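Here the structure is laid out as structure tokens; the discussion comes afterwards.
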Ligand SMILES: [Zn+2]
């Protein structure tokens, strides 16, 4: 391992001094339950971050995404952008973290909003995805500011809403309002692990297919037309032709995990016929032939595939079913499309963080691409900024699972990498 520079030694020490602070900050963030949906406590967590970052000399702005999907007076979509300028003009480095977390789900052995520290791990919903990363970026910036009094440019830290539901009330809103116009480098501390740089993500296409039928008495189904059977034919055709074809499409993108290095399709949901009667109720369903069935598709695609090709394959399935079933009728509706995004490996933020990882950990980073999208899509498409990566502590596989945790050591290491990256980008050498 090559010898550390005096600046690196000082940054390392400044982060070591802040270990307890980093733990307490992460625990505080976990203890504000920012569940999305519905979008709880965004204002509370923004106020908390406001107090914290104002005390560290940042100018802060609280921004509500009025009119964004999900924004209401009951569940306002609040975001925070904090900025601190250096002594001289220079480039702006922006750390962006989402403040929302997903549903808790079953199977926890710790309190999901307790922030318990056990064996060097902090547990809780959002611990790795991504309150640990947010805390690490704050500690990194504070350590850098304490060690380096004279620097050029600006540091921004944002906490944004709704990433888990598409980011429209968060990063997309900020990007539309021009908040990334004067930003040069973006680091998103999603849980990709301390030695991996995430360059981007696969594309997404969500669509709803509805098959139509005709309602009739369930004892005489021949008098109606069953929409669920039509949907069954669609699923059968997918199994026979589409899934095998997708499994053969591989990508040169360094997607992790290995299984995501190909095109994938998930059937996200399936609804047919009457709404289910809850078990708490005693009533029985009435006998009806379903006149409607709906399926939501989640297709993840590769940089080598076009959106037209992706849509054409689903159309092909429907056309083949149509040719075999005389009364088959359907509608298809696009719900969301996000094109694949991948930052050039030679771009400045990738190169800087890569060197900082080598200098901190003594090993070269691994370059990866995420199977799912994250807020980089909005920074790329709306913000028109390509120089963006995801880099942060935690294990991606733990995200959204029970007993989610983030390791304190990993947070310390990634904070050091972030602080060192700030030094390379904002200090004249
Ligand atoms: Zn996340």
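The values are calculated or read from the model by the stated rules, or taken from the named source; none is laboratory data. None of these values were measured; they are calculated from a predicted model. A quick note on method: Cβ atoms are made from the backbone with ideal geometry, for glycine too, and the neighbour counts reach across all protein chains shown.
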Next item on the list: Answer with yes or no whether residue 332 is under 30 Å from residue 225 (Cα atoms) and touching a residue at least 40 places away in the same chain (Cβ under 8 Å).
Entry: yes
Note to self: Going residue by residue through the stretch 343-351, is there one that turns out to be in contact with a strand residue (DSSP E or B) (Cβ under 9 Å, 6 or more places away or on another chain), farther than 20 Å from residue 201 by Cβ, crowded, with 16+ Cβ neighbours inside 10 Å and outside the structural domain of residue 217 (by TED's automatic domain parsing)?
What the structure shows: no
Next item on the list: Name the strands (runs of 3 or more DSSP E) wholly inside the stretch 70-147 in which the number of residues that are within 16 Å of the ligand (Cβ to nearest atom) and under 22 Å from the mean Cα position of the chain (by Cα) is 3 or more.
Entry: 88-98
Note to self: Taking the criterion of being within 22 Å of residue 208 (Cβ to Cβ), surrounded by fewer than 16 Cβ atoms within 10 Å (Cβ to Cβ), modelled with pLDDT of 95 or more and under 22 Å from the mean Cα position of the chain (by Cα), would at least one residue in the stretch 243-252 satisfy it?
What the structure shows: no
Item checked: Residues located in the stretch 175-190, provided they are part of a loop (DSSP other than H, G, I, E, B) and within 16 Å of the ligand (Cβ to nearest atom) -> 189, 190
Next item on the list: Scan the stretch 248-297 residue by residue and report those that are within 26 Å of residue 197 (Cβ to Cβ) and assigned to a strand (DSSP E or B).
Entry: 250, 255, 262, 264
Notebook entry, point to check: For the stretch 227-244, does any single residue satisfy the condition of being under 30 Å from residue 374 (Cβ atoms), out of contact with any strand residue (DSSP E or B) (no Cβ under 8 Å at 6 or more places or on another chain) and touching a residue at least 12 places away in the same chain (Cβ under 8 Å)?
Noted result: no
Notebook entry, point to check: Quick one: which helices (runs of 4 or more DSSP H) sit completely within the stretch 318-429 and have at least 3 residues that are within 16 Å of the ligand (Cβ to nearest atom) and within 20 Å of residue 130 (Cα to Cα)?
Noted result: 376-381, 408-426
Next item on the list: Only residues in the stretch 1-22 that are under 20 Å from residue 363 (Cα atoms) count as the first member; pair them with residues that are part of a loop (DSSP other than H, G, I, E, B) and modelled with pLDDT of 95 or more, Cβ under 7 angstrom, at least 6 apart or cross-chain, and list the lot.
Entry: 1/362
Check: Just a yes or no: is a residue in the stretch 195-202 more than 12 Å from the ligand (Cβ to nearest atom), in a strand (DSSP E or B), closer than 26 Å to residue 39 by Cβ and touching a helix residue (DSSP H, G or I) at 6+ places or on another chain (Cβ under 7 Å)?
Finding: no
Check: Before we move on, is residue 152 closer than 25 Å to residue 93 by Cβ, within 16 Å of the ligand (Cβ to nearest atom) and either touching a strand residue (DSSP E or B) at 6+ places or on another chain (Cβ under 7 Å) or in contact (Cβ under 8 Å) with a residue 60 or more places away in the chain (or both)?
Finding: no
Check: Regarding residue 309, is this residue exposed (fewer than 11 other Cβ atoms within 10 Å of the Cβ) and free of Cβ contacts under 8 Å to residues at least 40 places away in the same chain?
Finding: no
Notebook entry, point to check: Does residue 165 qualify as being within 16 Å of the ligand (Cβ to nearest atom) and surrounded by fewer than 19 Cβ atoms within 10 Å (Cβ to Cβ)?
Noted result: yes
